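Undergrad: Before I ask anything, here is the structure I am working with.
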Amino acid sequence: MDRDDPAYAGQKDYSRALLNLYDPLVLGPIARFVWQCPTGGLLERYRRHIRPNHLDVGPGTGYFLDRSGLADGSPVSVLDPNRNVLGHVSRRLRRFDVTTVEADVLKPLPIAGPFESAALHLVIHCLPGPMSRKAAAVANIAAVLAPSGVLFGASVIGSSGRHNWIARRFLGAFNRQGAFDNLADSESGLREILEVSFERVELETIGGIALFAATGPRGTTPRPEPETRRGDTMGTPASRT
Ligand SMILES: C[S@@+](CC[C@H](N)C(=O)[O-])C[C@H]1O[C@@H](n2cnc3c(N)ncnc32)[C@H](O)[C@@H]1O
């Protein structure tokens, strides 16, 4: 991704070192004590919504996919602009049939689908604001979901969230540093951008994190089979591992 792309900052920090620290640190004490949303609750919802033939946008370390309960050999596509992330996840998830796609969710996705489920899990707060710009991510995913498909995920709410003192310090620091761009993200704004692209939206909040599931992608029609094989290049690099 170009350094001058507005989305660059939200994905640039995922080095090998951070990916090794992410599960014990971010999904451990930071989720529990900073955002007050223990990972167990996130995982329970993730497992509830995921279906075979899944697309994971911004998979990070692949922690949730690894514990998703999907059967070995299941087809899973992972999409991320960061090559460290794609490498880490494809190594970790060797037991699935993984297709990696190097792409930015804010641009039309170079994959055809249709997918039965898609996760945008702890990603929206990393995307460049305002909320109206983040809406493109939701619309791009809706466009590759099956009519019966579900988009689910979670996102850290900005200043309007129910945050404790330490969470507000983290929010400020991450927004100054660029890893997050979410000070103006609100629960109602999240609902709005989901409702633009989906007929039904469920939203709940745990601590400072909003969790969502959206069904009935608007304007999707049955898509023809893509001419390229799954995992072929289709505009930007993608590989099947
Ligand atoms: C906070 S991590 C979340 C990881 C994982 N989904 C989880 O729930 O633990 C954010 C992920 O979003 C990815 N990301 C950031 N900006 C993105 C963009 N514009 N398009 C797609 N993925 C992006 C990052 O590279 C990283 O993998």
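The values are calculated or read from the model by the stated rules, or taken from the named source; none is laboratory data. Note that the coordinates shown come from a computational prediction; the quantities given were computed from them, not determined experimentally. Virtual Cβ from ideal backbone geometry, glycine too; neighbours counted across all protein chains shown. The accessibility values were calculated without ligands, DNA or RNA, using every heavy atom of the protein model including side chains. Shrake-Rupley method; radii C 1.70, N 1.55, O 1.52, S 1.80 Å.
Undergrad: Can you order the peptides 109-117, 53-61 by their average number of other Cβ atoms within 10 Å per residue, highest first? Before the final figure, lay out each step's value.
TA: Values: 109-117: 20.4, 53-61: 24.1.
In descending order of packing, they fall as 53-61, 109-117.
Undergrad: Here is a further query. Taking K and R as +1 and D and E as -1, what net charge do the other residues with C-beta under 10 Å from the C-beta of G129 add up to?
TA: 0
Undergrad: Could you please report the charge total around A103, scoring K, R as +1 and D, E as -1 over all other residues with beta-carbon less than 13 angstrom from its beta-carbon? Mind showing how you got there, number by number?
TA: On the way: positive: R83, K107; negative: D5, D56, D80, E102, D104.
Here the count lands on -3.
Undergrad: Positive end of the charge dipole of the chain (Lys, Arg +1 and Asp, Glu -1 on Cβ, about the Cα centre): tell me which of V196, V144, G87 has its Cα farthest that way.
TA: G87
Undergrad: Can you give me the angle between helix 39-49 and the longest principal axis of the chain, using Cα atoms only, in degrees from 0 to 90, rounded to the nearest 10?
TA: 30 degrees
Undergrad: Dipole size in debye (nearest 20) for the chain around its Cα centre, Lys and Arg Cβ +1, Asp and Glu Cβ -1?
TA: In total the dipole reaches around 520 debye.
Undergrad: I've got another one for you. Using the heavy atoms of the protein chains and a 1.4 angstrom probe, tell me the accessible area per residue for region 13-79 in square angstrom.
TA: Numbers: 2870 Å² over 67 residues.
Result: 43 Å² per residue.
Undergrad: To continue, here is another question. Computing the accessible area with a 1.4 Å probe over protein heavy atoms, can you report the carbon and sulfur percentage for region 97-164?
TA: On the way: 1120 of 1790 Å².
With neighbouring chains kept in place, the figure for region 97-164 is 63 percent.
Undergrad: Between L25 and L203, with labels modelled 7 Å along Cα→Cβ, what's the label distance in nm to one decimal, could you check?
TA: That separation, rounded to one decimal, is 3.1 nm.
Undergrad: Mind checking the angle between helix 165-177 and the chain's longest principal axis? C-alpha axes, 0 to 90 degrees, to the nearest 10.
TA: Rounded to the nearest ten degrees, it is 60.
Undergrad: Also, I was wondering about something else. How big is the gap, in Å, between the Cα center of region 200-216 and the Cα center of region 16-48?
TA: Measuring centre to centre over Cα atoms gives 17 Å.
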